[in-house]
Structure formats: structure tokens, C-alpha cells
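Here is the structure we will look at.
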Amino acid sequence: MNRPLLLLMSVLLPITCLADARTLDWLDLVPQTQVEAVLAERNANYHDLAAMTEQMIEEAKARIEGLQRSPQLVAELDQQRVRIPGYVVPLEFGDDEIIRELLLVPYFGACIHVPPPPPNQIIHVRYPEGLSADALYDPFWIEGVLSTQGYESELGMAGYSMTADSIELYSE
């Protein structure tokens, strides 16, 4: 094979591979049997516990416990190239303040406030290229091959994981 053709293929092949990523919404990571519980959990106002009745608090606790105990994943997404927006919760900083390992979550403040999202709403991401720590308040698009292999840390349990090929600021 001639050299110019090899060079052209080495440039175009990675672009072609990145172009076919499936764009996901966070509910795509949840089996249909758990969508209602996840939506109810997202809409709960845990910041105003005084306004919640005792029954509402008990129902919320049971829902959270059920989602945490049986984090059902969507097996069909395993090894799929995906692109998903979310917020970064850093796990590993270097001395250079570059994030190379993180949790991707659906909303700002997740995993910091109690309760954390269910594991099927958290993606453990490794990004060898690194992300600047000064951009933690911004949402990002993250693209890579999704795995149903989970991850556990003191900040939360992730049902999914990926090594990111690219991370860019979110825009619609």
C-alpha cells in the first residue's frame, strides 16, 4: 500500500470511528422497569425535609434503598460507542490539577449531596489526556465506549464505566 494512502487512512479512520457514537440521555441507562423510580428520585426535594411528610420520607428512603441495592443496567449498551452529557465529580487529581479519573453524573452536585444517584445513573470515567480542574461547574459531553463493568468508591457506586476518547464543554 502506498504511503499517502496509509497516511490518509490513519487520519480518517479515527474521525470515522468517533462520528458513529450514539448520543444517550441519562434515562437510556435505566431499564424500563426502573424509569419511574429514577424519575421520582430526581424530582424529590431533599433540601427541604421539614416540608416532607413522614410518609414521603419513608417512601423516598425505600425507593433509594431499592435503586441502590438492585442497580439494574441496560446490558445492550455494553461495549457501545456513546456520547452523553453530564457533570464531573473528580476522583483523581495530579499535582498539575488535571483530572484523569472522574464520575460522570446527570446533575450538578450529585454524589456530594445525600442521597447519591443510583449506580445506573453514574459512569466511572478514565481520561488519560486529562481535564482541567477549573472547569468543574460546567457540564460536558463525554464520548467513549461504555462498559457495564461497575466501579465503587467512597463518593458513590457507578454501574457503568468508560475510558473517554473525548471530553468537551456541553452545547446543544
**Asked** Got at least one residue in the stretch 99-117 being part of a loop (DSSP other than H, G, I, E, B), modelled with pLDDT of 90 or more and either of a type in the set (A, V, I, L, M) or in contact with a strand residue (DSSP E or B) (Cβ under 7 Å, 6 or more places away or on another chain) (or both)?
**Response** yes
**Request:** Go through the stretch 126-148 and count every residue that is among the polar types (S, T, N, Q), in contact with a Gly (Cβ under 9 Å, 6 or more places away or on another chain) and at pLDDT below 95.
**Result:** 0
**Request:** Of the numbered conditions (1) more than 20 Å from ALA21 (Cβ to Cβ); (2) in contact with a Phe, Trp or Tyr (Cβ under 7 Å, 6 or more places away or on another chain); (3) crowded, with 20+ Cβ neighbours inside 10 Å, VAL89 fails exactly one; give the number of that condition.
**Result:** (2)
**Request:** Assess whether GLN72 counts as being open to solvent by 70 Å² or more (accessible area, probe 1.4 Å), more than 22 Å from SER166 (Cβ to Cβ), modelled with pLDDT of 70 or more and polar (S, T, N, Q).
**Result:** yes
**Asked** In the stretch 71-98, what residues are within 22 Å of ALA135 (Cα to Cα) and outside any strand (DSSP E or B)?
**Response** GLY94, ASP95, ASP96, GLU97
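Each row is one residue, and each column tells you yes or no for (1) within 13 Å of the chain's Cα centre (by Cα); (2) buried (at least 22 other Cβ atoms within 10 Å of the Cβ); (3) in a loop (DSSP other than H, G, I, E, B).
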residue	(1), (2), (3)
VAL125	yes, yes, no
GLU129	no, no, no
VAL145	yes, no, no
GLU152	no, no, no
MET157	yes, no, no
MET162	yes, yes, no
SER166	no, no, no
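The values are calculated or read from the model by the stated rules, or taken from the named source; none is laboratory data. All of these numbers come straight from a predicted model, not from anything done at the bench. Neighbour counts run over all protein chains shown; Cβ positions are idealised from the backbone, glycine included. Accessible surface is based on the protein model in full, side chains and every heavy atom, while ligands, DNA and RNA are left aside. Shrake-Rupley method; radii C 1.70, N 1.55, O 1.52, S 1.80 Å.
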